[in-house]
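Reading through the structure tokens given below for one structure.
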Amino acid sequence: MQILINYCSSFCNFQTMQKLVLFLLLFASICEAQVSIEVVPKSIEDFSTDHLFDIDNFGNLYFSKSDNTLYKQTKDTTITYTNFQLGKITSVNSFNPLKLNLFYADFNTVIILDNRLAEIFKIDFNVLEPYRNVSFVTTGYDNTLWLFNQDFQFLELYDYKTNKTRIKTVPVQSKVLDLDSDYNYVYLLTENYLYLYNYFGSLITKYPNLGYDSLTFGESNLLLKKGNELFVLPKNSDTILPLKLDDLLINQFFVTNETLYIYTDGKLRQFQLKTR
């Protein structure tokens, strides 16, 4: 565009030049606006809870109420898990529903549950050596978890069966806002950047944080929230695109495969994501 403007400036008067520049800017903005992800409404269900933590690939809901009990709601039944000693649940990651991980930040503790919400492992970082001050937890492969070590400001792949750190990343320089993963990739959102790591802990790429405050990842798409707007980074793409979504207050949001879930005002909405 700049080359064309320079070329035309040699042959056009000032008024003509102004019109040309306005036309080119309008054309560029229209082209940019057309690059987006289509969102198609699928369903709306009544659903009331204090906090919806996660939705797994089978559509099972994981949520809590004021009693700090974890509920797993399937199509047929609802089961529960409660640990009164640890109090309020900070996060739940259900990427592997056979090894669900619950993080209790106030007690620096992670509980691993099976698909029936039976406790199969407890990790109390307060009593393990070396001591770890953990602020975020997400799923790793095998018997591992990705932890963000608050004291040293790095991610580590932690084997909870052996109490060993397999991998450490280079420390980050800004406050961490969110963390999510699957077996192959880890996404770390900080105030300054969005970092993408592979399962070896090697940094693949990073993007400037343009106001994003949280994220969720589901196999094909990474979703980012900025206020009440959602953006998507499709798999095998390096471009973050806006979602074409009507104005909607977003309390929690999740993505599994190509399905987007938005929970707000006692309603759980499902949308189909379609890449143009």
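What is the distance, in nm, between label points placed 7 Å from the Cα along the Cα-to-Cβ direction at S174 and at T264?
2.5 nm
Considering only the other residues whose Cβ falls under 10 Å of the Cβ of Y62, what net charge follows from Lys and Arg at +1 and Asp and Glu at -1?
Values: positive: K72; negative: D54, D56.
Taking every Cβ under 10 Å from that of Y62, the sum is -1.
Give the average over all directions of the projected area of the C-alpha convex hull of segment 73-137, one decimal, in nm². Before the final figure, lay out the partial values.
Numbers: hull surface 18.9 nm².
It is 4.7 nm².
Can you give me the Cα centroid spacing of segment 46-60 and segment 101-143 in angstrom?
After rounding, the separation between the Cα centres reads 21 Å.
Per residue, how many Å² of accessible area does segment 185-242 show with a 1.4 Å probe?
Numbers: 2610 Å² over 58 residues.
I get 45 Å² per residue for segment 185-242.
For q values of 0.14, 0.16, 0.19 Å⁻¹, compute log₁₀ I(q)/I(0) with the Debye formula on a Cα-only model of segment 30-189, without solvent.
Cα-only, vacuum Debye calculation for segment 30-189: -0.76, -0.95, -1.23.
Which of the trypsin sites (Lys or Arg not before Pro) found in segment 101-195 are in a DSSP loop and have at most 16 neighbouring Cβ atoms, other than their own, within 10 Å? Walk me through the intermediate numbers first.
On the way: sites: R116, K122, R132, K161, K164, R166, K168, K175; in loops: R116, R132, K161, K175.
In loop regions of segment 101-195 (DSSP not H, G, I, E or B), the sparsely surrounded trypsin sites (Lys or Arg not before Pro) are R116, K161, K175.
Between segment 144-218 and segment 232-247, how far is it from one alpha carbon centroid to the other, in angstrom?
Cα centroid of segment 144-218 versus Cα centroid of segment 232-247: 21 Å apart.
Running Debye on segment 113-172 with equal point scatterers at the Cα sites and no solvent, what base-10 log of I(q)/I(0) appears at q = 0.13, 0.21, 0.23, 0.24 Å⁻¹?
Treating every Cα as an identical point scatterer, log10 I(q)/I(0) equals -0.34, -0.84, -0.98, -1.06.
Run through segment 95-166 and list the chymotrypsin sites (Phe, Trp or Tyr not before Pro) located in a DSSP loop whose Cβ has at most 15 other Cβ atoms within 10 Å. Working shown, then result.
Values: sites: F95, F103, Y104, F107, F121, F125, Y131, F136, Y141, W146, F148, F152, F154, Y158, Y160; in loops: F95, F125, Y131, Y141, F152, Y160.
Hits after loop and neighbour filter: Y131, Y141, F152.
Residues with beta-carbon under 15 Å from that of T82, excluding T82: net charge, scoring Lys, Arg +1 and Asp, Glu -1? Working shown, then result.
Working: positive: K65, K72, K88, R116, K122; negative: D50, D67, E119.
Local charge sum for T82: +2.
Per DSSP H run of n ≥ 4, the term is -39500 (n - 2.57); total these for the chain, divide by its residue number, and report the mean residue ellipticity at 222 nm rounded to 500 deg cm²/dmol.
Values: 2 runs with 29 residues, N = 276.
When only DSSP H runs of four or more count, the value is -3500 deg cm²/dmol.
Which lysines have a Cα less than 21 Å from the Cα of K244, not counting those fewer than 8 places away in the same chain?
By straight Cα distance, K244 reaches K42, K225, K226, K235, K267, K274.
For F103, what is the net charge nearby, where nearby means another residue's Cβ is under 15 Å from its Cβ and Lys, Arg count +1, Asp, Glu -1?
Details: positive: K88, K99, K122, R132; negative: D54, D106, E119, D124, E156, D178, D180.
Overall, the nearby charge balance is -3.
Please give the helix 14-34 orientation as an angle from the longest Cα principal axis of the chain, in degrees from 0 to 90, rounded to the nearest 10.
Approximately 30 degrees, to the nearest ten.
Rounded to the nearest 0.05, what FRET efficiency do D106 and K244 give with R0 = 45 Å and r taken as the Cβ-Cβ distance? Could you check?
Numbers: r = 39 Å, r/R0 = 0.87.
That pair, D106 with K244, gives E of 0.70.
Out of segment 178-276, which GluC sites (Glu not before Pro) are coil in DSSP terms and have no more than 16 other C-beta atoms within 10 Å? Intermediate results must be reported in sequence, preceding the final value.
Details: sites: E191, E219, E229, E258; in loops: E191, E219, E258.
Filter output for segment 178-276: E191, E219, E258.
List the residues of segment 73-115 whose backbone N lies under 15 Å from a point placed 7 Å from the Cα of D50 along the Cα-to-Cβ direction.
Within reach of a label on D50: 81-92, 104-106.
Between S66 and Q272, what is the label-point separation in nm under the 7 Å Cα-to-beta-carbon projection?
That separation, rounded to one decimal, is 4.0 nm.
Using the C-alpha atoms of the chain, what convex hull volume per residue, in cubic angstrom, is computed? If you can, show how the numbers build up before the last one.
Details: hull volume 41.5 nm³, N = 276.
It comes to 150 Å³ per residue, whole-number rounded.
The values are calculated or read from the model by the stated rules, or taken from the named source; none is laboratory data. This is a predicted model, so every value here is computed, not measured. Using ideal geometry, Cβ is built from the backbone for each residue, glycine included, and neighbour counts are taken over all protein chains shown. The area values use the complete protein model at the heavy-atom level, side chains included, leaving out ligands, DNA and RNA. Shrake-Rupley method; radii C 1.70, N 1.55, O 1.52, S 1.80 Å.
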